[in-house]
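K.L.:
Below: one structure in structure tokens.
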Amino acid sequence: MIFSDIFLREDATGMRLIIYKQDENQQFVEFSQTETQFFNANPNFFRHIALEYKFDALVRLKIDVVAINDAIQEQIVYKIGEAHLDLPVLLANRGELSLPLNNTRGRLEVSLDAPDIYRQAVKLRFTASHLHVTANTIAVKPYFVFLLNISNRTILLHRSEMLSTKDPEWAAFSVPLFLLQFYQQGVLQLSVYNHYPNHQDELIGSCCTNWTKLQRGPGALNSYMLMNEEGKKKEEKISTDLVEFEIHETAGFFEIVKAGLSVDLGVSIDFTASNGDPTQPTSLHFIHPHKPNPYTNAILKILPPLFGHSKETRISAMGFGARVGRDHQMSNCFPLEQTSQQFYVQGFNGLLNAYSSARLEVMFFGPTEFADSIYHVSKFAKASARLKLGLYYVLVILTDGDLENTKGTRDALVDASEAPMSVVVVGLRDGQKFDKVVALESPILKHSDGRTMRRQVLSFTKFNDLATDDAFALIPFRIQQWNMLYTKNS
């Protein structure tokens, strides 16, 4: 809606909006128009403009306001003005923005809405019968994980409570409906485990189903025999049943953002010796005068759409795997801004400048270890949750190699699973295997002190796979899942 008076020339009787979207070549291409509003200097445009939203995509729009003459078949007479909009910025402003129209006193009010499916969730409840474990002397304390298996990863949809019975009746839980619909070709898996305090939990059995079957609700079609790891039946009596199915309204991702949630963005950069001498062209940290190095390229490609979701102008910037300071102390979490020793920098220029300086100020060493960076961010995320600041922390870890020891990072991820945060690890070196990092995407991670992971925190992707991978696209689900688990009335 244009709410400041726009004076039309005598040869114009109406107004229309033409919307352009920036393509991969940075060119604006028309993709939609509103209806024409006649004889109104402050029109409301009712036609919705459908946009495809992806958390890690910077959807950039140009909106032209044009004058129309109805006497000559609604011909465009002249251009009144234009406004520019980034979709993530619209979300960061609770889904409403007032945009100035250049060369006029007018303004354009833009608001965002999402389809009903994003405000719905599926409520499910399962029970099981005649569960037992290998060693009869071990107490039965079963829980289940409900998983969505897609082509490149396994998504933890829910982890149940533990019950001290062979015939558990677990509490109901909810899963966002849009996720099940979007991945409706994926395999849904329910795996029942027995909890052991001091070592790895034992798989009692698992079963597989799909979204189409679940929609049939409780009954014989959703009664499942539990299978062992080889896909063979455990025993005829060992089974699990769906006993409740209901679609209900819930606070979806877009409603959570409209309520005030903002993203706090952080990046942690690998300065281990495997990156090479930063003064040599063979190093991943070498800055060529005419092209960005892999780390700079990743920063420029990945971070802008994420940063657009933030109300802040600062970015948390840290490094790991180097000796720092005058004493050359080994550190796996140090500020990129070595002069001020501040972990926050102002915007992208501040980040790029701090990175460019840090790569020549620290002594590349090792090992590759993410734990301290994760603990650093989770400390602030937990405090934010206690103070109800409405922040969700996203930590992007840029690395050239695999972890050497996963124990510390595994413990950090389990510890962070109750905090409002997500971690995405991006592998930058071509041909490098990242098997240990990928293993940390497991839905059944366990802390060395026996604590179990409440929800998944980490996703991994290779930089060259960003266009087809959903590591960042899953963050809205992670946000909604955290909201369901830890916010009342969600």
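The values are calculated or read from the model by the stated rules, or taken from the named source; none is laboratory data. As the structure is a prediction and not an experimental result, all values here were calculated from the model. A quick note on method: Cβ atoms are made from the backbone with ideal geometry, for glycine too, and the neighbour counts reach across all protein chains shown. What goes into the accessible areas is simple: the full protein's heavy atoms, side chains included, and nothing from ligands, DNA or RNA. Shrake-Rupley method; radii C 1.70, N 1.55, O 1.52, S 1.80 Å.
K.L.:
Can you find, within the range 288-343, the residue that is modelled with the lowest pLDDT among those that are among the hydroxyl-bearing types (Ser, Thr, Tyr) and in contact with a strand residue (DSSP E or B) (Cβ under 9 Å, 6 or more places away or on another chain)?
P.N.:
Step one: list which residues in the range 288-343 are among the hydroxyl-bearing types (Ser, Thr, Tyr), which gives 295-296, 310, 313, 316, 331, 339-340.
Filter again for in contact with a strand residue (DSSP E or B) (Cβ under 9 Å, 6 or more places away or on another chain), leaving 295, 310, 313, 316, 331.
On the way: 295: 97, 310: 94, 313: 90, 316: 97, 331: 95.
Result: 313.
K.L.:
Given the range 194-310, what helices (runs of 4 or more DSSP H) lie entirely inside it while holding 3 or more residues that are within 22 Å of residue 470 (Cα to Cα) and not acidic (Asp, Glu)? So that I can check it myself, show each step before the final result.
P.N.:
Details: elements: 211-214, 253-258, 294-308.
Per the criteria, 253-258, 294-308.
K.L.:
Right, something else. Quick one: in the range 339-356, of everything that is hydrophobic (A, V, I, L, M, F, W, C) and in a helix (DSSP H, G or I), which residue is surrounded by the fewest Cβ atoms within 10 Å (Cβ to Cβ)? Show your work before the answer.
P.N.:
The first filter runs over the range 339-356 and keeps only residues hydrophobic (A, V, I, L, M, F, W, C), leaving 343, 345, 348, 351-352, 354.
Remaining after also requiring in a helix (DSSP H, G or I): 348, 351-352, 354.
Values: 348: 14, 351: 25, 352: 19, 354: 26.
So the residue we want is 348.
K.L.:
Looking only at the range 70-83, count how many residues are open to solvent by 30 Å² or more (accessible area, probe 1.4 Å) and at pLDDT 90 or above.
P.N.:
Just the residues of the range 70-83 that are open to solvent by 30 Å² or more (accessible area, probe 1.4 Å), to begin with: 70-79, 82.
Subset that is at pLDDT 90 or above: 76-79, 82.
Here the count works out to 5.
K.L.:
Among the numbered criteria (1) under 21 Å from residue 305 (Cβ atoms); (2) in contact (Cβ under 8 Å) with a residue 24 or more places away in the chain; (3) aliphatic (A, V, I, L, M); (4) in a strand (DSSP E or B), which one does residue 97 miss?
P.N.:
Going through (1) under 21 Å from residue 305 (Cβ atoms); (2) in contact (Cβ under 8 Å) with a residue 24 or more places away in the chain; (3) aliphatic (A, V, I, L, M); (4) in a strand (DSSP E or B) one by one, residue 97 breaks only (2).
K.L.:
Please go through the range 9-33 and give me each residue that is within 18 Å of residue 106 (Cα to Cα), assigned to a loop (DSSP other than H, G, I, E, B) and free of Cβ contacts under 8 Å to residues at least 60 places away in the same chain, ordered by number.
P.N.:
To start, the set of residues in the range 9-33 that are within 18 Å of residue 106 (Cα to Cα) comprises 9, 12-19.
Keeping just the survivors that are assigned to a loop (DSSP other than H, G, I, E, B) gives 9, 12-13.
Of everything in the range 9-33, just one residue is within 18 Å of residue 106 (Cα to Cα), assigned to a loop (DSSP other than H, G, I, E, B) and free of Cβ contacts under 8 Å to residues at least 60 places away in the same chain, namely 13.
K.L.:
Inspect all residues belonging to the range 357-367 and state whether any of them is among the hydroxyl-bearing types (Ser, Thr, Tyr) and either buried (at least 19 other Cβ atoms within 10 Å of the Cβ) or part of a strand (DSSP E or B) (or both).
P.N.:
Within the range 357-367 (the criterion being among the hydroxyl-bearing types (Ser, Thr, Tyr) and either buried (at least 19 other Cβ atoms within 10 Å of the Cβ) or part of a strand (DSSP E or B) (or both)), the answer is no, since none of the residues qualifies.
K.L.:
List every residue pair whose Cβ atoms lie under 7 Å apart, where the two residues are 6 or more positions apart in sequence or sit on different chains, the first residue falls within the range 122-133 and is touching a residue at least 60 places away in the same chain (Cβ under 8 Å), and the second residue, located anywhere, is among the basic types (Lys, Arg) and surrounded by fewer than 22 Cβ atoms within 10 Å (Cβ to Cβ).
P.N.:
Listed pairs, sorted by first residue: 129/237; 130/166; 130/237; 131/166; 132/166.
K.L.:
From the list 241, 277, pick out the single residue that is open to solvent by 10 Å² or more (accessible area, probe 1.4 Å), in contact (Cβ under 8 Å) with a residue 24 or more places away in the chain, out of contact with any Leu (no Cβ under 9 Å at 6 or more places or on another chain) and under 22 Å from residue 121 (Cα atoms).
P.N.:
Numbers: 277 fails: under 22 Å from residue 121 (Cα atoms).
Selected residue: 241, the only one of 241, 277 that is open to solvent by 10 Å² or more (accessible area, probe 1.4 Å), in contact (Cβ under 8 Å) with a residue 24 or more places away in the chain, out of contact with any Leu (no Cβ under 9 Å at 6 or more places or on another chain) and under 22 Å from residue 121 (Cα atoms).
K.L.:
Next question. Can you name the condition, by its number, that residue 57 falls short on among (1) over 35 Å from the mean Cα position of the chain (by Cα); (2) closer than 30 Å to residue 303 by Cβ?
P.N.:
With (1) over 35 Å from the mean Cα position of the chain (by Cα); (2) closer than 30 Å to residue 303 by Cβ applied to residue 57, the lone miss is (1).
K.L.:
If a residue has to be more than 14 Å from residue 444 (Cα to Cα) and open to solvent by 20 Å² or more (accessible area, probe 1.4 Å) to count, how many in the range 180-208 make the cut?
P.N.:
8
K.L.:
Let me ask you something else. Return the total of residues in the range 100-119 being part of a strand (DSSP E or B) and open to solvent by 50 Å² or more (accessible area, probe 1.4 Å). Write out each step before concluding.
P.N.:
Taking the range 100-119 as the starting set, the residues that turn out to be part of a strand (DSSP E or B) are 100, 107-111.
Next cut, open to solvent by 50 Å² or more (accessible area, probe 1.4 Å) only: 100, 107, 109, 111.
Qualifying residue count, the range 100-119: 4.
K.L.:
Which residues, taken from the range 437-490, are among the hydrophobic types (A, V, I, L, M, F, W, C), open to solvent by less than 60 Å² (accessible area, probe 1.4 Å) and not in a helix (DSSP H, G or I)?
P.N.:
The answer is 440, 444, 445, 453, 457, 458, 460, 466, 471, 472, 473, 474.
K.L.:
Condition (residue is in a loop (DSSP other than H, G, I, E, B), of a type in the set (Val, Ile, Thr), open to solvent by less than 70 Å² (accessible area, probe 1.4 Å) and more than 30 Å from residue 434 (Cα to Cα)) applied to the range 134-142: is it met by at least one residue?
P.N.:
Residues of the range 134-142 in a loop (DSSP other than H, G, I, E, B): 134-141.
Going one step further and asking which of them are of a type in the set (Val, Ile, Thr), we end up with 134, 137-138, 140.
Now drop any that are not open to solvent by less than 70 Å² (accessible area, probe 1.4 Å), which leaves 138, 140.
Still in the running and more than 30 Å from residue 434 (Cα to Cα): 138, 140.
Yes, there is a match, as at least one residue in the range 134-142 is in a loop (DSSP other than H, G, I, E, B), of a type in the set (Val, Ile, Thr), open to solvent by less than 70 Å² (accessible area, probe 1.4 Å) and more than 30 Å from residue 434 (Cα to Cα).
K.L.:
Find the residue count for the range 158-179, including only residues that are open to solvent by 20 Å² or more (accessible area, probe 1.4 Å) and either acidic (Asp, Glu) or in a helix (DSSP H, G or I) (or both).
P.N.:
Within the range 158-179, residues that are open to solvent by 20 Å² or more (accessible area, probe 1.4 Å) and either acidic (Asp, Glu) or in a helix (DSSP H, G or I) (or both) number 4.
K.L.:
Within the group 67, 41, 50, 12, which residue is of a type in the set (A, V, I, L, M) and closer than 25 Å to residue 302 by Cα?
P.N.:
Values: 67 fails: closer than 25 Å to residue 302 by Cα; 41 fails: closer than 25 Å to residue 302 by Cα; 12 fails: closer than 25 Å to residue 302 by Cα.
Checking each option against the conditions leaves just 50.
K.L.:
In the range 34-58, what residues are assigned to a strand (DSSP E or B) and open to solvent by less than 40 Å² (accessible area, probe 1.4 Å)?
P.N.:
Hit for the range 34-58 is 37, nothing else.
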